[in-house]
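> My structure is below; once you've seen it, I'll send some questions.
The values are calculated or read from the model by the stated rules, or taken from the named source; none is laboratory data. The structure presented is a predicted model; accordingly, all values stated were derived computationally and were not measured. Here Cβ is always computed from backbone atoms with ideal geometry, including for glycine, and neighbour counts include all displayed protein chains.
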Amino acid sequence: MVIFLFITLNGYICHVNKKKQIAVITGDIVNSSVLNEDQKKVIQNKIEGIKNEGILLKPRFYRGDSFQLAAKPIVALKLALKFRLEVKRWQERNDVRISIGIGEVSSWNEDVLLSNGPAFERSGKNLDGLKKKDLNIIIVSGSRELDRELETYCYMADLLVQDLTSVQANVIFYKLDGTPQGKIGEILHISQPAVSKTLKAANWKAIEKFIKRYAQIIEKNYGISA
């Protein structure tokens with residue numbers, strides 16, 4: 001039996017098929033103990049300010065420095081990267097640790113923290129294990145084969161993101177949305193050649209390949225509209 005759960009989100013009625021796969025993004029602020037309350041609040045506001053039509057349940061913070069939200073799987077990786085880039089372009093020494101869990105829903109609530117199911121369990125459980133892996137992003141689907149492939153990509157992408165300067169993070173932040181280089185230059189008040197040089201130095205092509213491969217995996221295993 002297929003069960004549909006209905007919620008109201010930002011004035012719209014949304015429905016979620018319990019059998020449909022969703023992505024749950026759970027994160028926490030890296031080294032939050034060295035930040036004061038004002039700095040934590042800035043990061044919280046930046047994360048809550050990220051908009052995407054694929055967000056199903058808006059971010060909720062808990063325990064002060066941790067947060068969770070639900071989204072369509074197809075946009076989950078870009079959202080996770082945008083959260084990290086938004087923080088790093090503010091202050092490059094700061095970062096966010098993120099676990100993406102893909103799976104079904106058992107209980108759906110307008111408050112993401114009151115929802116549960118395999119996607120939520122995978123996301124929360126694997127966030128706790130990231131410190132041991134010296135990794136700041138992980139994607140877990142429940143498929144051993146897929147998860148091995150995704151973890152390999154995550155390790156490579158994480159090395160690139162961790163090393164980004166605030167300038168590089170700023171440029172890639174806009175590039176993730178497909179913003180043309182000329183427009184990025186206008187926004188950041190730098191030349192188009194400077195944007196191109198920054199993207200090359202930041203290894204944008206490698207990050208872009210990971211994003212495209214992730215989209216292929218999601219489309220193949222969960223459907224193009226997942």
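> Examine region 178-191 for a residue that is under 19 Å from the mean Cα position of the chain (by Cα), more than 20 Å from residue 21 (Cβ to Cβ) and surrounded by fewer than 19 Cβ atoms within 10 Å (Cβ to Cβ), and state whether such a residue exists. Give the derivation first.
Our first condition is that a residue be under 19 Å from the mean Cα position of the chain (by Cα); within region 178-191, this holds for 178-179.
Keeping just the survivors that are more than 20 Å from residue 21 (Cβ to Cβ) gives 178-179.
The next check asks that each one be surrounded by fewer than 19 Cβ atoms within 10 Å (Cβ to Cβ); those that pass are 178-179.
Checking region 178-191: at least one residue is under 19 Å from the mean Cα position of the chain (by Cα), more than 20 Å from residue 21 (Cβ to Cβ) and surrounded by fewer than 19 Cβ atoms within 10 Å (Cβ to Cβ).
> Further, regarding this structure: Find the residue count for region 192-226, including only residues that are in a loop (DSSP other than H, G, I, E, B) and surrounded by 12 or more Cβ atoms within 10 Å (Cβ to Cβ).
At the first step, the residues of region 192-226 found to be in a loop (DSSP other than H, G, I, E, B) are 202-203, 223-226.
Subset that is surrounded by 12 or more Cβ atoms within 10 Å (Cβ to Cβ): 202-203, 223, 226.
Summing the residues that are in a loop (DSSP other than H, G, I, E, B) and surrounded by 12 or more Cβ atoms within 10 Å (Cβ to Cβ) in region 192-226 gives 4.
> Only strands (runs of 3 or more DSSP E) wholly contained in region 1-68 count here; list those with 2 or more residues that are at pLDDT 85 or above. Even if it seems obvious, please write down each step before you answer.
On the way: elements: 4-9, 12-17, 22-29, 55-62.
Because the criterion is at least 2 residues that are at pLDDT 85 or above, the strands (runs of 3 or more DSSP E) in region 1-68 that meet it are 22-29, 55-62.
> Here's something else I'd like to know. Please go through region 123-151 and give me each residue that is of a type outside the set (Asp, Glu), assigned to a helix (DSSP H, G or I) and more than 19 Å from residue 96 (Cα to Cα), ordered by number.
Within region 123-151, the subset of a type outside the set (Asp, Glu) is 123-127, 129-133, 135-144, 146, 148, 150.
Checking which are assigned to a helix (DSSP H, G or I) leaves us with 123-127, 129-133, 144, 146, 148, 150.
Result: 144, 146, 148.
> Go through 205, 175 for me and flag whichever is under 30 Å from residue 144 (Cβ atoms) and modelled with pLDDT of 95 or more. Show your work before the answer.
Details: 175 fails: under 30 Å from residue 144 (Cβ atoms).
None of the others qualify; the one that does is 205.
> Take the residues in region 66-110 that are without any contact (Cβ under 8 Å) to a residue 60 or more places away in the chain and within 11 Å of the chain's Cα centre (by Cα), then tell me which one is surrounded by the fewest Cβ atoms within 10 Å (Cβ to Cβ).
The residue in question is 75.
> Same structure, new question: State all residues of region 111-130 that are surrounded by fewer than 16 Cβ atoms within 10 Å (Cβ to Cβ), in contact (Cβ under 8 Å) with a residue 12 or more places away in the chain and among the aliphatic types (A, V, I, L, M); if no residue qualifies, say none.
113, the sole residue that qualifies.
> A further question on this structure: Does residue 136 qualify as being under 14 Å from the mean Cα position of the chain (by Cα) and not hydrophobic (A, V, I, L, M, F, W, C)? Let's see the steps before the verdict.
Details: under 14 Å from the mean Cα position of the chain (by Cα): yes; not hydrophobic (A, V, I, L, M, F, W, C): yes.
Answer is yes for this residue.
> Same structure, new question: Please go through region 125-140 and pick out each residue that is farther than 20 Å from residue 31 by Cβ and at pLDDT below 95. Outline the logic, then answer.
Quick first cut of region 125-140, residues farther than 20 Å from residue 31 by Cβ only: 125, 139-140.
Correct list: 125 only.
> Report every pair of residues separated by at least 6 positions or lying on different chains whose Cβ atoms are under 6 Å apart, first residue within region 28-56 and in contact (Cβ under 8 Å) with a residue 40 or more places away in the chain, second in a helix (DSSP H, G or I) and of a type outside the set (Lys, Arg).
As it stands, the answer is 29/43; 43/87; 46/86; 47/83, since those pairs meet every condition given.
> Would you check if residue 197 is more than 18 Å from residue 103 (Cβ to Cβ) and in contact with a strand residue (DSSP E or B) (Cβ under 8 Å, 6 or more places away or on another chain)? I'd like the intermediate steps shown before the answer.
Values: more than 18 Å from residue 103 (Cβ to Cβ): yes; in contact with a strand residue (DSSP E or B) (Cβ under 8 Å, 6 or more places away or on another chain): no.
It is false that residue 197 is more than 18 Å from residue 103 (Cβ to Cβ) and in contact with a strand residue (DSSP E or B) (Cβ under 8 Å, 6 or more places away or on another chain).
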